[in-house]
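Engineer: Let me begin by handing over the structure; questions about it come next.
The values are calculated or read from the model by the stated rules, or taken from the named source; none is laboratory data. Just so it is clear, the model here is predicted, and its values are computed rather than measured. Cβ: placed from backbone, ideal geometry, glycine included. Neighbour counts: every protein chain shown.
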């Protein structure tokens, strides 16, 4: 390959071929052996399934495989030079955009990526004039995203590690180091007015003693570190020993590498990488607290280093509760909610009388407290108990805390967790729920396609697709669909409405970029098969997640990066499996985030809460704080706690800028 642009064009074309639905037989039939081997190597990459839906990320994986395997790259280039395969012109806008983005990524580190390459532009419908904007939102800070390699290198071959003998693990940015145990392509934003950015590196382990387990690491604009962060590590025992390396910016998670060495043995090193996507790493605000929950060897592990300031090398803690143990605790929370919203005084009124909220508080607080105990206390692990105490301390601080939960398949309804040292039915308060005290940011612990930054641009307009089930108005005296229509038509946005399954399909496959994809409809779960979960439009016109995946495939990303709001009004019970299917689907297609409900929501409340939420978001306030403030306001003004039903899978710093008046 020649210039970065030529290399980018080739790897993007190859990536597009590798994600073709005809699969390997088609590759074997149409390409030389070197490309077949490249296909096998690319599909074996652990991050390919998540990245395959984004042509830019898929192209970068192809480039990485060719860079890492010199022999394969040489055979591939020989076939190109011999004319065994060729590359025509770009096929479409998606491919052209991917080539531009990959060109930037393949350029030398001294050429920072321009994040504008990852933006999809849309002028929106011409029928709406540009909205008025206010001065309440400051323009987002301009940044350049620098591509580099995060390397973790041992100062000796790993088979020479010995109990009681110190070795050095060096963490540094730069070119990919072939001698390192792990090298991870990483993207970090540097403000235009800065020459470098400082990150924090934590190395934690229960198998090694670590000198200075938390150190600063500088990334310069040229993609290098002036000096590595060197960690003295001393093996405590023979056999497999794990080190967890976490890189953060202002306590906001960027990258994690788990490395397992065979101390005194000859087993191969094991490396598992998890990271925030490019766009999520590009604009990261500070976080007060971050908790990682990962699935390791059929069990969950909790990693909350800030809970142990006296033990900065504290290792991940094995959660005593299994998924089966947690299931009834989660079900208990959901049952308390469902029992309440099925009653007319709660379902039909915005303002709820105390005689109806007090029994709900008692039941929901007990279920939420048992959920807290199941996660942090029931197993008796002192470190888990201490982590729970730390979380309780965050919730009662005077300043609002943003709790970042980076999770891997852990379907706990965090806003509904009730935090208390002990159960006291005479001292209950809605303030005991985590979701009434903290901004909660839930981040999936996988490599996902992500938006270019946390800003939804309001100019020339905010493009909204509102998908409404008109049948809801015939079922509810509050006529929430009519109220939703009036709201959106008067909001000064570029609005496209839909009411049918065909409209929903069109919204999911539209060529024009959408900023907000809003559903106000019924939904149903299928606990046996998430693919069978469904959205229900006007006239019981249903579409399952499986049908959605077939019609609007994950490998074809959204034209833009919509904020998806699933307002599941008066639906049947929604289990965690509903969102375990829909949330990854939308995020893997490039949605900037997903907001949904834990269970059915009364139609009147769902309509009013959504209007208050969007008013706050369009005013320029950060999304996470808007959710918390609306919850608190509805409780204060209407004695209505149902805002706890809404769960956010999105960067809490997401804003609309400039603000809409």
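Engineer: Could you say whether any residue in region 626-639 is in contact with a strand residue (DSSP E or B) (Cβ under 6 Å, 6 or more places away or on another chain), within 17 Å of residue 433 (Cβ to Cβ) and modelled with pLDDT under 95?
Structural biologist: Scanning region 626-639 turns up no residue that is in contact with a strand residue (DSSP E or B) (Cβ under 6 Å, 6 or more places away or on another chain), within 17 Å of residue 433 (Cβ to Cβ) and modelled with pLDDT under 95.
Engineer: Now for a separate question. Here's a check for you: in region 642-661, which residue that is buried (at least 24 other Cβ atoms within 10 Å of the Cβ) and in a loop (DSSP other than H, G, I, E, B) is farthest from the chain's Cα centre (by Cα)?
Structural biologist: So, considering only residues that are buried (at least 24 other Cβ atoms within 10 Å of the Cβ) and in a loop (DSSP other than H, G, I, E, B), the one farthest from the chain's Cα centre (by Cα) is 652.
Engineer: Just to verify a result, which residue in region 610-621, among those that are touching a strand residue (DSSP E or B) at 6+ places or on another chain (Cβ under 7 Å) and surrounded by 22 or more Cβ atoms within 10 Å (Cβ to Cβ), is nearest to residue 414 (Cα to Cα)?
Structural biologist: Top of the filtered list is 610.
Engineer: Conditions first: (1) surrounded by fewer than 24 Cβ atoms within 10 Å (Cβ to Cβ); (2) under 26 Å from residue 514 (Cα atoms); (3) out of contact with any helix residue (DSSP H, G or I) (no Cβ under 6 Å at 6 or more places or on another chain). Residue 636 passes all but one, so which condition is the exception?
Structural biologist: All conditions pass for residue 636, except number (2).
Engineer: Does residue 186 satisfy the condition of being in contact with a helix residue (DSSP H, G or I) (Cβ under 9 Å, 6 or more places away or on another chain) and either without any contact (Cβ under 8 Å) to a residue 24 or more places away in the chain or within 29 Å of residue 57 (Cα to Cα) (or both)?
Structural biologist: yes
Engineer: Given the conditions (1) in a helix (DSSP H, G or I); (2) under 28 Å from residue 48 (Cβ atoms); (3) within 23 Å of the chain's Cα centre (by Cα), report the number of the one that residue 628 does not fulfil.
Structural biologist: (2)
Engineer: I'm checking my understanding of the structure. Among residues of region 388-410 that are surrounded by 17 or more Cβ atoms within 10 Å (Cβ to Cβ) and closer than 19 Å to residue 325 by Cα, which one is farthest from the chain's Cα centre (by Cα)?
Structural biologist: Among them, the one singled out is 388.
Engineer: I'm trying to understand the selection: among the residues of region 333-348, which are in contact with a helix residue (DSSP H, G or I) (Cβ under 8 Å, 6 or more places away or on another chain) and either crowded, with 17+ Cβ neighbours inside 10 Å or in the same structural domain as residue 604 (by TED's automatic domain parsing) (or both)?
Structural biologist: Across region 333-348, the qualifying residues are 333, 336, 337, 340, 341, 346, 347.
Engineer: Pull up region 285-313, narrow it to residues that are crowded, with 21+ Cβ neighbours inside 10 Å and either part of a loop (DSSP other than H, G, I, E, B) or assigned by TED's automatic domain parsing to the domain that holds residue 257 (or both), then point me to the one that is modelled with the lowest pLDDT.
Structural biologist: For region 285-313, the residue satisfying everything is 287.
Engineer: Looking at 503, 473 in this structure, which one is in contact (Cβ under 8 Å) with a residue 24 or more places away in the chain and buried (at least 16 other Cβ atoms within 10 Å of the Cβ)?
Structural biologist: Unique residue meeting the criteria: 503.
Engineer: Inspect all residues belonging to region 456-467 and state whether any of them is surrounded by fewer than 18 Cβ atoms within 10 Å (Cβ to Cβ), without any contact (Cβ under 8 Å) to a residue 40 or more places away in the chain, not in a strand (DSSP E or B) and not assigned by TED's automatic domain parsing to the domain that holds residue 388.
Structural biologist: Checking region 456-467: not a single residue is surrounded by fewer than 18 Cβ atoms within 10 Å (Cβ to Cβ), without any contact (Cβ under 8 Å) to a residue 40 or more places away in the chain, not in a strand (DSSP E or B) and not assigned by TED's automatic domain parsing to the domain that holds residue 388.
Engineer: Now, a different point. Name the single residue that is surrounded by the fewest Cβ atoms within 10 Å (Cβ to Cβ) among those in region 316-329 being assigned to a loop (DSSP other than H, G, I, E, B) and in contact with a helix residue (DSSP H, G or I) (Cβ under 9 Å, 6 or more places away or on another chain).
Structural biologist: Ranking the candidates gives 320 first.
Engineer: In region 350-442, which helices (runs of 4 or more DSSP H) lie fully inside it and hold 2 or more residues that are without any contact (Cβ under 8 Å) to a residue 12 or more places away in the chain and in contact with a strand residue (DSSP E or B) (Cβ under 9 Å, 6 or more places away or on another chain)?
Structural biologist: Counting at least 2 such residues, we get no helices (runs of 4 or more DSSP H) at all.
Engineer: A further question on this structure: If only one of 517, 508 is closer than 30 Å to residue 658 by Cβ, buried (at least 19 other Cβ atoms within 10 Å of the Cβ), at pLDDT below 95 and within 23 Å of the chain's Cα centre (by Cα), which one is it?
Structural biologist: 508
Engineer: In region 385-395, is there at least one residue being modelled with pLDDT under 95 and under 18 Å from residue 625 (Cα atoms)?
Structural biologist: Yes, there is a match, as at least one residue in region 385-395 is modelled with pLDDT under 95 and under 18 Å from residue 625 (Cα atoms).
Engineer: List the number of the failed condition for residue 247; all other conditions in (1) closer than 18 Å to residue 304 by Cα; (2) not in a strand (DSSP E or B) hold.
Structural biologist: Against the list (1) closer than 18 Å to residue 304 by Cα; (2) not in a strand (DSSP E or B), residue 247 comes up short only on (2).
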